[in-house]
Amino acid sequence: MNRSLHARGSRLDAIVVGAGILGAAAAFHISERGHRVVVLERHVPNREGSGTTAGNLHIQAIHTRRPAQDVPLDNGRLLPLQRRASEYWATLEERLGTGIELRRGGGFMVAETEEQEQELANKHVMERAAGIPTEVLTGGQARERLPLLSPSVRAASWCPLDGYANPLLITPAYLEAARRNGAEVHPFTPVTAIRRTGAQYQVHAQDHCWTAPYVIDAAGPWIADVAALAGIEVYMSPVAIQMHVTERVAPVMSHLIQHIGEGMSVKQVSAGNLLIGGGWPARTLDLQGRSTVSMASMAGNLAQAGRILPFLHGLRLLRTWAGPLAATPDEMPVIGEVPGHPGFLIAGGTYAFTFAPVWGETLASLISGEQPADPVQDLGPGRLLRGNNANVTGRMCQPPRPPPPQTWNCPPLERDCKRNGSVP
């Protein structure tokens, strides 16, 4: 891009569609540079994927597949971005001027088989090359540091930079900071049309129309729908995943626990609840209403978590919920300007929560005519356009497949919650 925006004046510089964490981050980082920004949200900010996520900060290399995920992601490609994300998150509360329950207690990535142990060793090499500090531990060494881990843990990778933030706080904090910079936020304002006129875009919502040289499509699972309003056909593969939360208990664990070979994340949040996730598929994806949970995924996820952390068996499950995820067909992030549509930018995809400050800074750089801190050309939306998808494999705009019927060894955690009526 060679277009540069002027300092904030009477005209509007950018229109952000979507008030989840990416739209909020974009509004803050762009407005922080003095540009005038409007954020349009079809419903309540932070209501969908951003507000239903686990809030994990994934700094060490992640497992390459969610349960039922067809295409493995390239976790080596993401490592430089994860390192950059760690740097941004370290200063975010200060920049936003408020607390977001940011916790950097470090994280264990566990392995239970010889093959998974080798994966830990391989990713450690990549992490070291990317400047991310990790340490590979034997199962015994890991249990010395965290006795809660079960004997089934054969090895673990430790990263002191892993952590989490409260997803219910970070997006509102971004939006409020953007407002202080002069940005406007309009909830309950669904976009109905996007038209390009000369070097400007006209964005229509209800009875209003905004004009700006840049539109940022940060609509999460609805990225393709918003792009279509501008005559852009982009392939996305939205899915619905689910989360589980237990009763509150006294502090027992300050770390993020993940699994290298299976989708799992467990952490204890500030209120004392244990939050269990890992990207297990929900029963249905409903982009017009609320996605429904899968009992098979719930049983499998809880059995898995209880196998790694046996103390979970004694806890009651309070709630489980499903939320949409803006996945791409190749399971990688998408960030940048749409080829052939100057000024129309898209941001979304894999690990959007972790990458939110990176993508916010990237978008601010792009619309200011600067090079981003890290190259992202290979992650641009051009690969997802019709006719340009030769290198994209996997699902194309398809709803998630329901998990196959399975018989799980249901742990006491789920049996207790069923008996006590705690599952909605």
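Figures for the structure shown
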quantity: Counting all C-alpha pairs of the chain, share separated by more than 41 Å (%); calculated: 13 percent
quantity: Förster-model FRET efficiency, 35 Å R0, ARG11 and GLN288, C-beta, rounded to 0.05; calculated: 0.50
quantity: Calculated from backbone phi, Karplus (6.51, -1.76, 1.60) coupling profile of the range 130-146 in Hz, x at Gly/Pro; calculated: 8, x, 9, x, 9, 9, 8, 10, 6, x, x, 5, 5, 5, 5, 7, 9
quantity: Within the accessible area of the chain (1.4 Å probe), percent carbon and sulfur; calculated: 51 percent
quantity: Whole-number accessible area per residue in Å² for the chain, which is evaluated in the context of all protein chains at 1.4 Å; calculated: 39 Å²
quantity: Segment THR197-GLU176, length gained on full extension (0.36 nm per residue, minus Cα span); calculated: 4.4 nm
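The values are calculated or read from the model by the stated rules, or taken from the named source; none is laboratory data. Here the structure is a predicted model, which is why all the values come from computation and not from measurement. Because the Cβ atoms are built from the backbone with ideal geometry, glycine has one as well, and the counts that use them run over all protein chains shown. Remember, those area values only see protein heavy atoms, side chains included, never the ligands or the DNA or RNA. Shrake-Rupley method; radii C 1.70, N 1.55, O 1.52, S 1.80 Å.
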